[in-house]
Amino acid sequence: MNSLLDRAENLGANRYLDTRGTINEPIPFTQAVIQGLAPGGGLFVPEALPQFTLDEITSLAELPYPERAARIYEAFNIDLADEAIARLMDASYGANFDVPEVCPITPLADGIHLLELWHGPTSAFKDMALQCLPNFFAASAAKLKGEGKLDTDLCILVATSGDTGKAALEGFKGVDGVCVGVLYPDGGVSDIQRKQMVTTTGNNVHVWALRGNFDDCQRMVKRIFADDAFASELADAGWALSSANSINWGRLLPQIVYYISGYASMMASGAISAGQALDVCVPTGNFGNILAAWYAKQMGTPIDQLFCASNENRVLTDFINTGTYDISSREFVLTPSPSMDILVSSNLERQLFELTGRDGGAISQWMADLNGSRRFQVDKDTFARLRETFRADAITNAECLETIKRVFDEQGYLMDPHTAVAFAAAENLKGINPVLVASTAHWAKFGDNVYRALHGIAPGEALPPEAAGLTGCQLNRLIAEETGKHDIPAGLAGLDDAEARFTTVLDADEPATEQAVEAFISTQNG
């Protein structure tokens, strides 16, 4: 592994440019993490990617997960000392995860393996990044303040389809010089997800429901970030906005880690031989998780095909199959997998930037088309490069629930609806390679639809009387009794007894949202 680190040192500090070509000079990692979003709305990407040999990937299997993560961060040559990176990774991946492997791999039938990414404190894959990002965010802010490059505290503003919100709240609560505000779609998350967010403790956090869907939440956050007058008002009060959504490169880099680490673990277990090609299937909403697998592939991980699994909001499947991204007349569908209920997939911008040979002009035009006419079409060369690596399938609501029941009946494994979407897609798309499926949440986060699946109740159909009046926690206990799966995480089991601190519901209106954010920040000034 030393050869990789030596190469990174010889490259000099890796810097970051943006997908729309609006910044004149690339910036260091710490500044990219703090800013979150580039001026003009572009997303930050590294100037260069480190390259791993197969031997270097193999050697990762000998290390505990925090050391694997530290080695990969060091290879990116970020502008923090290696000793600091190691310390931050130890703090990120330890007793806060319920298994020492952090993200273990479970083999199922027919060469499909589940990468369980939900063993962190909020029982969702977002913990893999959002137990890490706050530590690096705080270290980055301290470094920039010490250099005189940052003179404000920071408000993290997050739009969530369910899982990012709680993971961000949990990761950033209590962090000095930072406050966190989260917007989630009212009625668009599970009962467990909602309770996780509204019961969050900590004096530097706030949560609002928004009348609308996730795309409305994301649109409000992007508009607030683009409002220069609002930014000026916050600066006068000693604050600046930043992001913990997957638009922040600091969210994406920890996800790259677990795909490289996952390949190493599969080699070590004998599930694949050294150098054997592996396909990866990801339940995809905002495109960040599958993009991380693409970056891992570019860095030398022997990943062949990437399977993009959609639910009935199949905008990404249709895009990958046609080259046209069109939401101009597409209906937003509420599904059993609400964290994927997204029509505007922000991280697709990074992917297209890479596939066009980093053509910021093309990206700016496509994003302007999407914002204006709600559609864009990529050129034939970009589409051809997309099709070299990506395949896609969309799973219906009924197929999702049927998959949960079938896998439990046949293999005794109980999965959540998002993992079920990916598992079904992997079965449909699988070729000769083994498939690693990103398992993104514990089943108990979505007990209502898991119950429907196990009892053959159609999506959206009312639960029977014995289940209809139960809270999410009570329904999970019923499922555990019926299935013998008494593995409900403590953080989910006790939500009924926790105080609901945040009950405000906002209209999808920019002034109202800005006023709510401003009022929250004012409480942080003492």
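See the values below:
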{"quantity": "When residues of the stretch 449-471 are limited to those that are under 22 Å from GLY412 (Cα atoms) and not in a loop (DSSP other than H, G, I, E, B), the one farthest from the chain's Cα centre (by Cα)", "calculated": "HIS455"}
{"quantity": "Test result for ALA508, of a type in the set (A, V, I, L, M), within 28 Å of the chain's Cα centre (by Cα) and either loosely packed, with under 14 Cβ neighbours inside 10 Å or more than 27 Å from VAL333 (Cβ to Cβ) (or both)", "calculated": "no"}
{"quantity": "Condition met for PRO489 (modelled with pLDDT of 95 or more and farther than 17 Å from LEU401 by Cα)", "calculated": "yes"}
{"quantity": "Options THR160, THR152; residue that is hydroxyl-bearing (Ser, Thr, Tyr) and under 23 Å from THR440 (Cα atoms)", "calculated": "THR160"}
{"quantity": "Meets criteria (more than 24 Å from PHE44 (Cα to Cα) and surrounded by fewer than 18 Cβ atoms within 10 Å (Cβ to Cβ)) for THR396", "calculated": "yes"}
{"quantity": "Qualifying residue in the stretch 318-338 (condition: closer than 16 Å to VAL437 by Cβ, buried (at least 19 other Cβ atoms within 10 Å of the Cβ) and in the same structural domain as PHE390 (by TED's automatic domain parsing))", "calculated": "yes"}
{"quantity": "Residue in the stretch 212-224 that is in contact with a Lys or Arg (Cβ under 8 Å, 6 or more places away or on another chain) and closer than 29 Å to LEU370 by Cβ present", "calculated": "no"}
{"quantity": "Selection count where residues are surrounded by fewer than 23 Cβ atoms within 10 Å (Cβ to Cβ), β-branched (Val, Ile, Thr) and in a loop (DSSP other than H, G, I, E, B), scope the stretch 109-162", "calculated": "1"}
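Each row is one residue, and each column tells you yes or no for (1) surrounded by 15 or more Cβ atoms within 10 Å (Cβ to Cβ); (2) free of Cβ contacts under 8 Å to residues at least 24 places away in the same chain; (3) not in a loop (DSSP other than H, G, I, E, B).
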residue: PHE353; (1), (2), (3): yes, no, yes
residue: GLY357; (1), (2), (3): no, yes, no
residue: ALA362; (1), (2), (3): yes, yes, yes
residue: GLN365; (1), (2), (3): no, yes, yes
residue: ASP369; (1), (2), (3): no, yes, yes
residue: GLY372; (1), (2), (3): no, yes, yes
residue: PHE376; (1), (2), (3): yes, no, yes
residue: ALA384; (1), (2), (3): no, yes, yes
residue: GLU388; (1), (2), (3): no, yes, yes
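Residue-by-condition table, conditions (1) on the phi < 0 side of the Ramachandran plot; (2) modelled with pLDDT under 95:
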position	(1), (2)
GLY238	no, yes
SER261	yes, no
GLN276	yes, no
ASN286	yes, yes
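The values are calculated or read from the model by the stated rules, or taken from the named source; none is laboratory data. Here the structure is a predicted model, which means the values were calculated and not measured. Neighbour counts run over all protein chains shown; Cβ positions are idealised from the backbone, glycine included.
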